[in-house]
1. State yes or no: is D121 touching a Lys or Arg at 6+ places or on another chain (Cβ under 8 Å) and surrounded by fewer than 17 Cβ atoms within 10 Å (Cβ to Cβ)?
2. Looking at region 224-242, is at least one residue part of a helix (DSSP H, G or I), more than 19 Å from D383 (Cα to Cα) and out of contact with any Cys (no Cβ under 7 Å at 6 or more places or on another chain)?
3. Could you check region 133-157 and list, in sequence order, the residues that are of a type outside the set (F, W, Y) and in contact with a Ser or Thr (Cβ under 9 Å, 6 or more places away or on another chain)?
4. Pick from Y349, Y289, Y326: which is open to solvent by 40 Å² or more (accessible area, probe 1.4 Å), of a type in the set (S, T, Y), within 21 Å of the chain's Cα centre (by Cα) and more than 26 Å from A153 (Cα to Cα)?
5. Taking region 133-158, which residues are over 15 Å from G113 (Cα atoms) and either open to solvent by 20 Å² or more (accessible area, probe 1.4 Å) or part of a strand (DSSP E or B) (or both)?
6. Restricted to region 353-392, and to residues that are over 15 Å from the mean Cα position of the chain (by Cα) and among the β-branched types (V, I, T), which residue is most open to solvent (accessible area, probe 1.4 Å)?
7. Could you tell me how many of the residues in region 204-226 are surrounded by 19 or more Cβ atoms within 10 Å (Cβ to Cβ) and either in contact with a strand residue (DSSP E or B) (Cβ under 9 Å, 6 or more places away or on another chain) or at positive phi (or both)?
Amino acid sequence: MYNLLKEFHAKYPDELMYQNTTKEFVDSIYEYLDEETLNMVLHAERIITFRVPWVDDSGKLQVNYGYRVQHSSALGPYKGGIRFHPSVTLDVMKFLAFEQTFKNALTGLPLGGAKGGADFDPTGKSDREIMSFCQSFMSELYRYIGATKDVPAGDIGVGHREIGYMYGQYKKLTMSYEGVFTGKPLVLGGAAGRSEATGYGVIYIVNELLTDLNDSIKGKSVIVTGSGKVGAYAAKKAYDMGAKVVSMNDISGTIVDENGLNVDEIIAIKIDNMGLLKEYAENHKIELYDPSHIWNVKCDIALPCATQNELSGANLQKLIDNGTKYLIEGANKPLDHDAVELVQASDLYYIPGKAANAGGVATSGIEMMQNAQMDVYAFDQVDARLKVIMASIYKTIKDKAEEVGKPYNFVVGANLAGYERVKEAIKLQGSV
């Protein structure tokens with residue numbers, strides 16, 4: 001098995017993130033893997049790369065690069081976000097698409113795995129420039145997506161505005177008003193609660209874990225990294241359920257209040273007005289620390305919700321030394337390789353992102369159902385279904401870990417449960 005992995009990695013020596021995520025996956029469930037199936041899932045079914053030319057407001061031609069990694073359609077149409085950020089590379093897209101495949105499998109919905117994006121930075125760009133880029137991006141990608149083929153969503157740098165522009169261009173090019181995107185604005189067929197879903201889902205699975213341990217989230221101290229939609233809404237749901245959110249961060253810095261932050265005010269700053277946490281610090285006349293300071297803050301529950309590799313082994317050790325008991329990933333693989341090894345050897349209750357942050361894609365699946373039925377679901381309907389899905393994911397990964405004699409090892413439970421579902425689908429369809 002490792003020879004197969006070694007040979008595969010040798011073909012792509014510079015793709016270190018993809019190497020790490022596939023090695024960690026294999027290491028966690030080595031004895032349960034089937035070599036033929038592993039060989040299939042190591043290779044993406046299709047990788048589309050393309051240039052994206054667009055004209056800025058000064059009239060100058062700019063060119064970026066776009067990607068769509070359609071990793072697996074074994075369980076359903078490809079499903080995964082589109083990211084616009086300077087850090088986007090093929091390596092990043094491949095690792096995220098691989099993770100997405102098994103995350104989607106855990107939802108129990110008929111969804112394959114994919115990821116896409118471009119090394120375009122929407123920060124500081126005008127609406128016209130963003131529209132120009134989105135239309136050019138979609139003029140290439142539209143050939144490869146569709147409501148039963150590949151259904152993208154948003155991700156870092158891609159919100160309602162960007163999705164709206166891409167969706168409009170897709171509709172123009174295909175003359176088809178279909179649910180080819182999720183995370184759409186409500187007026188375009190989006191699902192109520194989709195913006196909140198990933199963050200809320202994180203707390204729903206935290207609540208399942210704590211209930212299972214005869215504990216409660218009420219009164220627990222929580223830190224949340226990243227305060228975009230995932231982090232902000234995870235903090236909001238934790239706050240509403242009685243937790244004390246003591247620290248959050250963003251690119252402007254870290255804010256700390258041992259008595260608990262006013263999360264409603266943070267939602268207003270970050271989500272409603274697209275501001276920065278430094279505004280909260282200024283309003284309350286509290287110190288604004290460096291963004292990495294958050295790992296020094298004592299807490300019961302740590303929720304890394306920003307981006308990949310944000311939590312190093314050294315910073316994880318700080319959390320452990322400070323008495324953190326629960327580490328739940330809101331982002332896609334926020335732990336770097338050293339942190340992954342350390343958390344496995346620790347006494348932390350740790351739920352990986354492929355389970356904990358599956359609420360977003362689960363609600364995207366609900367949005368696809370809504371679009372297919374030409375219907376509109378109320379927020380309460382969507383939220384109720386999300387709670388059921390997150391509870392089911394928790395039970396699935398817990399039961400699978402217990403089945404193989406590794407109780408509360410949610411890495412093994414999540415990887416093995418997702419892999420077995422994908423494996424069965426691959427076997428049933430043959431070498432295609």
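1. For D121, the condition - touching a Lys or Arg at 6+ places or on another chain (Cβ under 8 Å) and surrounded by fewer than 17 Cβ atoms within 10 Å (Cβ to Cβ) - is not met.
2. no
3. Passing the criteria: G146, A147, K149, D150, V151, P152, A153, G154, I156, G157.
4. Checking each option against the conditions leaves just Y349.
5. So the first thing to find is which residues in region 133-158 are over 15 Å from G113 (Cα atoms), and the list is 133-143, 156-158.
Residues satisfying the conditions are Q135, S136, S139, E140, Y142, R143, I156, G157, V158.
6. V376
7. Total meeting the criteria: 12.
Listed here are the residues, each with its yes/no results for (1) in contact (Cβ under 8 Å) with a residue 12 or more places away in the chain; (2) assigned to a loop (DSSP other than H, G, I, E, B).
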{"residue": "I366", "(1), (2)": "yes, no"}
{"residue": "N371", "(1), (2)": "yes, no"}
{"residue": "Y377", "(1), (2)": "yes, yes"}
{"residue": "V382", "(1), (2)": "yes, no"}
{"residue": "K387", "(1), (2)": "yes, no"}
{"residue": "A417", "(1), (2)": "yes, no"}
{"residue": "E424", "(1), (2)": "no, no"}
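The values are calculated or read from the model by the stated rules, or taken from the named source; none is laboratory data. Since this is a predicted model, take the numbers as computed values, not measurements. All Cβ positions, even for glycine, are placed from backbone atoms using ideal geometry, and neighbour counts span all protein chains on display. Note: accessible area is taken over every heavy atom of the protein model, side chains too, but ligands, DNA and RNA are not part of it. Shrake-Rupley method; radii C 1.70, N 1.55, O 1.52, S 1.80 Å.
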